[in-house]
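Input: a single structure, listed below in structure tokens.
The values are calculated or read from the model by the stated rules, or taken from the named source; none is laboratory data. Given the structure is predicted, the values throughout are model-derived calculations rather than measurements. Note that each Cβ is placed from the backbone with ideal geometry, even for glycine, and that neighbours are counted across all protein chains shown. Surface areas here come from the heavy atoms of the whole protein model, side chains and all, with no ligands, DNA or RNA. Shrake-Rupley method; radii C 1.70, N 1.55, O 1.52, S 1.80 Å.
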Amino acid sequence: MHLFSAMFLLLMLAALPCEALYPSPEEGWQIYSSAQDADGKCICTVVAPAQNMCNRDPRSRQLRQLMEKVQNITQSMEVLDLRTYRDLQYVRDTENLMKTVDGRLKTASENPRSLNPKSFQDLKDKVTQLLPLLPVLEQYKTDARMILRLREEVRNLSLVLMAIQEEMGAYDYEELRQRVLLLETRLHSCMQKLGCGKLTGVSNPITIRASGSRFGSWMTDTMIPSSDNRVWSMDGYLKGRRVLEYRTLGDFMKGQNFVQHLLPHPWAGTGHVVYNGSLYYNKYQSNILIKYHFRSRSVLVQRSLSGAGYNNTFPYSWGGSSDIDLMADENGLWAVYTTIPNAGNIVISRLEPQSLEVLQTWDTGFPKRSAGESFMICGTLYVTNSHLAGAKIYFAYYTNTSSYEYTDIPFHNQYSHISMMDYNPRERVLYTWNNGHQVLYNVTLFQVIKTSED
């Protein structure tokens, strides 16, 4: 993806079908939403990069490294300047002393008899006073070598910057970067104002990091709106209690700036979700749901999900005690599970976030053991047919109409073993844990707008 490609594209064309207008975004880009009128004509398509995608541009990293080198050179030059000024002041202070010694030596050379024992001792004392000048001169030699090295580094930096300038054009990079970030922020703010839509496509995977074991989960807050940029990671699927909290996605990518939360009760599975500053998870060897508040480091609510299977009674196809999967979308908090009366078919329940009370329940009729993973978008449950390579999104259940359909939405399962797949409505991306890799997918949502004639 070119860093300074157009941030978005609005197509105000009413005479062509939507399919003909879909561009082919480069990797990492997505079509957020499309609209149709009653006659099926395309009104608007928005194409945008994944949030913070520009920060992952290789040239951005290269320029940041160059800026760090320039900063280091600047600091070295400042230290050199300070030391040179100090030493020069010392040399100036000893200038008169050096002239005196020089005069005495000339006199002694022209008239050796004038150098009596007293005069000799006096001259010797004067020379002794000049001895501290020797290390100063040695320092000058060292500094001269440093100047040569710094000059070489500056020359190399100039060559690299000239090459980048030729590639990018004669623009101020930092100014353009700030403009890109501003446009990106405005675009994603606009994106949040778009209504819900139907999932029609999933992008190529974007690997953020490789860490942890084969199974686990990672997430950001799914609450809309939210300015919380923290990232949480939970390694493993059974009896885990340690949650790592990173300040930003950048810190998570580098594995730095994190704090640890030790949960009072261990978890089961990987179907955890962070919603409005709290972690919702399934308590080990039970169907109890727990709401853990990160700021107070305390459990706010515990409630049994009545009749829900647990302890690998009705897991996804990969096992891992994935009986209960908690998730969030634009419509709130959900639990995906199954019960014995439902004969192992997937059940969806919408939850009240404060009390964890079940507000409404749907029976999808889809066997949970045949599902690889599932996630909610705009009140629709999407189910994959496998957790292994070749998986696709195979089934969709619409809670607004209590209806379902079979779908055929492929996606690239790059590392061949997905143990967690959740949608984040705030960022409109899928978070996955794939065989020890933390991966993002952008999504394509299709929105139908009905005209007033309908």
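Solvent-accessible area per residue for segment 198-446 at a 1.4 Å probe radius, Å²?
Details: 9170 Å² over 249 residues.
On a per-residue basis, segment 198-446 sits at 37 Å².
What distance in nm separates the simple spin-label points at residue 303 and residue 392, each placed 7 Å from Cα in the Cβ direction?
So the label points at residue 303 and residue 392 sit 3.8 nm apart.
Tell me, what does the Kirkwood hydrodynamic radius of segment 351-412 come to in angstroms if you use every pair of distinct C-alpha atoms? Present the calculation step by step, with values, prior to reporting the outcome.
Values: mean 1/r = 0.0791 Å⁻¹.
One over the average 1/r among Cα pairs gives 12.6 Å for segment 351-412.
Over 28 Å between Cα atoms, which of 283/368; 69/254; 254/392; 239/368; 254/283; 198/283 qualify? Could you put the intermediate results ahead of the total?
Values: 283/368 20 Å; 69/254 20 Å; 254/392 31 Å; 239/368 22 Å; 254/283 30 Å; 198/283 33 Å.
Pairs exceeding 28 Å: 254/392; 254/283; 198/283.
At 0.36 nm per residue, minus the direct Cα-Cα distance, what do residue 127 and residue 261 gain on full extension? Give it in nm, one decimal, please. Please list the in-between numbers first.
Numbers: separation 134, 0.36 × 134 = 48.24 nm, distance 6.80 nm.
Contour length minus the Cα-Cα distance gives 41.4 nm.
Counting only Cα atoms, I'd like the Rg/Rh figure for segment 305-452, Kirkwood definition for Rh. Walk me through the numbers before you get to the answer.
Values: Rg = 14.9 Å, Rh = 15.6 Å.
When Rh is taken as the Kirkwood radius, the ratio is 0.95.
Kindly report, to the nearest 10 Å², the accessible surface of residue 283 as traced by a 1.4 Å probe over protein heavy atoms only.
Spelled out: residue 283, probe radius 1.4 Å, area about 50 Å².
For segment 232-285, with all protein chains present and a 1.4 Å probe, just round the carbon and sulfur fraction of the accessible area to a whole percent. Write out the running numbers ahead of the final one.
Numbers: 1010 of 2240 Å².
Taking all protein chains in place, segment 232-285 shows 45 percent carbon and sulfur surface.
Take the alpha carbon atoms of segment 198-446, find their radius of gyration, then divide it by 2.2 N^0.38 Å using N residues; give the quotient. Don't skip to the answer; put the middle values down first.
Values: Rg = 16.3 Å, N = 249, 2.2 N^0.38 = 17.9 Å.
With N residues counted in segment 198-446, Rg over 2.2 N^0.38 Å equals 0.91.
What's the magnitude of the charge dipole for segment 198-446 around its Cα centre, counting Lys and Arg as +1 and Asp and Glu as -1 at the beta-carbon? Answer in Debye, nearest 20. Intermediate values should be presented prior to the final figure.
Working: 20 positive and 17 negative charges, 133 e Å.
For this selection, approximately 640 debye.
Assigning unit charges at the beta carbon (Lys, Arg +1; Asp, Glu -1) and nothing else, what dipole magnitude in debye, to the nearest 20, does segment 225-305 show about its Cα centre? Walk me through the intermediate numbers first.
Numbers: 11 positive and 4 negative charges, 45 e Å.
The calculated dipole for segment 225-305 is roughly 220 debye.
Using per-residue counts of other Cβ atoms within 10 Å, averaged over each peptide, order 235-242, 355-362 from highest down.
Numbers: 235-242: 17.4, 355-362: 13.9.
Taking the mean over residues of other Cβ atoms within 10 Å, the ranking is 235-242, 355-362.
Quick check: with the 1.4 Å probe, what order do 196, 378 take by accessible area, largest first?
Numbers: 196 60, 378 25 Å².
Putting 196, 378 in descending order of accessible area: 196, 378.
Given the Cα-Cα distance of residue 312 and residue 159 and 0.36 nm per residue of separation, how much length would full extension add, in nm? Intermediate values should be presented prior to the final figure.
Values: separation 153, 0.36 × 153 = 55.08 nm, distance 6.05 nm.
That pair, residue 312 and residue 159, stretches by 49.0 nm at full extension.
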